[in-house]
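Only one structure is covered here, and it is reproduced in the block below.
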Amino acid sequence: MSAVLTYKGHPVPHITVWSSEHLRQPPVIRSADGVVFADITFAGFPHRDSAGVLWQPWALRQGDGMPEFGRVHGPRRRRAMRRRRA
């Protein structure tokens, strides 16, 4: 398990979004496969889970910037749930 990150002396939960992790959100369009990202640059990234749900893309820069305590980082949340850490 990784070390607990802190901000101004307070622990930051593992699934918290950090200010440097925001990406431009691509538009979503309807296709024969359901909904997909319209921007082809996002096509190669695994934004769907095993159930086929399309998830918002996030950068992976945990600990960089300021924590946004009210927001959840989707990929870290899914990984924590898969590994039964939540």
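The values are calculated or read from the model by the stated rules, or taken from the named source; none is laboratory data. Remember, it's a predicted structure, so these values are computed and weren't measured experimentally. The protein model used for the area step is the full one, side chains on, heavy atoms only, and it has no ligands, DNA or RNA in it. Shrake-Rupley method; radii C 1.70, N 1.55, O 1.52, S 1.80 Å.
What does the convex hull of the alpha-carbon atoms of the chain project to on average, in nm²? The partial results should precede the final answer.
Values: hull surface 26.5 nm².
Answer in nm², one decimal: 6.6.
Once fully extended, how much extra length lies between Asp64 and Arg83, figured as 0.36 nm per residue of separation less the alpha-carbon to alpha-carbon distance?
4.5 nm
Ordering His14, His73 by accessible area with a probe of 1.4 Å, largest first, what comes out?
From most exposed to least exposed: His14, His73.
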